[in-house]
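Participant: The following block contains the structure, expressed as structure tokens.
Bear in mind these aren't lab numbers, they're just calculated from the coordinates by the rules spelled out. As the structure is a prediction and not an experimental result, all values here were calculated from the model. When we count neighbours, we look across all protein chains shown, and the Cβ atoms used for this are built from the backbone with ideal geometry, even at glycine.
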Amino acid sequence: MADTAEAETSELAYGPTDWDDHHHLPTNTGLTNEKVTMWAFLGSDCLLFGALISTYLLCRNRVGPATKGPTAADLFDIPFTSVSSFVLLMSSLTMVLAVTSIQRAEMERCKLWLLTTAALGSIFIAGQVYEFTGFYREGLGFTTNISSSAFFTLTGFHGVHVSLGIVMLVTMWVLVTRGNLGPERAETIEIIGLYWHFVDIVWIVIFAVVYLIP
Amino acid sequence: MNTATVSEDEGHQEHSEHGLSDFGYIKIAVILAILTAAEVATYFFDFGVVEIPSLLILMVVKFQIVVSYFMHLKFDSKVFSYLFVTGLVLAMLVFAAMGTSMAFWQNPSGCDASAFC
């Protein structure tokens, strides 16, 4: 009886820690609330990026009545951006390998893949900073014209998402290293992975629609 | 049904619920890399009228692969698919609404966005 009460108290304090996908969870949906919440957030984030991409497409060739300067499309370095895109795409592979590693309780491998994913994300961000710096030197700033504002807002928001993802990955690495996150809570890494894959698919759309389509 | 059969059935169920093996994910990544190379090829070579449709198709295929396999939507509960697809559909409606409003506000000077021109 005392054990049961202790288990209930523990579950209330820390949440269910020993559930896996094979068991029905004590929620209305039978799914963990954290994962449902992440998917709901990703669905809402689609709206944010949908609006930003729409705005860019509508403004991409406009410089406005009283402003001048090049558009972002005039300055794109497609080979460079292609490499950045490839790096981000491969970070999705390392992320999913981190998830499968922790599910198999291979903690050292999980830590390695988490760090690799964070490193690949950092390379992508470094590339974006380099690209933005080049644009600025060519005379394309955030307020240069309508087209540039739309471009920097869209890609900047994506960059912020990637940066937040890197912070989350490093946090996960610290938690795993300290032993605060084990295989019984593999879903935490999976949820961070969902976010990471989402920033990847957003870039898949941005790369095709913004950079490659003339 | 004996214990061994139950265990085997659970093993198959586990595979279908959890997705692919590591090697399977690597194969998916190779396919994505090839599709990306095909996208980039459109920049270096002239594909004429099929360039934009092929870029859009490649984009959708890559999107679908990442969402299905890396994000496990193919193997996970349909509830997650509904949540995500709802967001996607709403995003497309936002794009359609913006595009329609811009066309509606088109002015005779040839600029199709009177608010900006």
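Participant: Take the alpha-carbon centre of the range A:62-110, take the same for the range B:36-72, and report the distance between them in whole Å.
Facilitator: 15 Å
Participant: Per residue of A:145-157, how many C-beta atoms from partner chains lie within 10 Å of its own C-beta, taken as a mean? It would help to have the intermediate numbers written out before the result.
Facilitator: Working: counts 0, 3, 1, 0, 0, 0, 0, 0, 0, 0, 0, 0, 0.
Shielding by partners across A:145-157 averages 0.
Participant: So if I take the alpha carbon set of the range A:138-182, get Rg, then get Rh from the Kirkwood formula, what is the Rg over Rh ratio?
Facilitator: Numbers: Rg = 17.2 Å, Rh = 12.7 Å.
Ratio value, two decimals: 1.36.
Participant: If I take every Cα pair under 8 Å that is 6 or more residues apart in the range A:34-212, average their sequence separation and divide by the length, what percent do I get for the relative contact order?
Facilitator: Answer for the range A:34-212 is 34 percent.
Participant: Something else: Can you list the lysines whose alpha carbon sits under 28 Å from that of A:K111, skipping same-chain ones fewer than 8 residues off?
Facilitator: Within the straight-line cut-off, A:K111 pairs with A:K35, B:K27, B:K62, B:K74.
Participant: Next question. How many partner chain Cβ atoms sit within 10 Å of a residue's Cβ in peptide B:58-71, on average, as a whole number? Can you show the working numbers first?
Facilitator: Numbers: counts 3, 9, 3, 1, 7, 6, 1, 2, 8, 7, 0, 3, 12, 13.
Mean partner shielding for this stretch: 5.
Participant: Could you line up A:W173, A:W196 from fewest to most neighbouring Cβ atoms inside 10 Å?
Facilitator: Least crowded to most crowded, the residues run A:W173, A:W196.
Participant: Using only the alpha-carbon atoms, how far is helix A:146-178 inclined from the longest principal axis of chain A? Give it as 0 to 90 degrees, nearest 10.
Facilitator: Here the helix axis deviates by roughly 30 degrees.
Participant: If you count, for every residue in B:39-52, the Cβ atoms of partner chains within 10 Å of its Cβ, what is the mean?
Facilitator: 3
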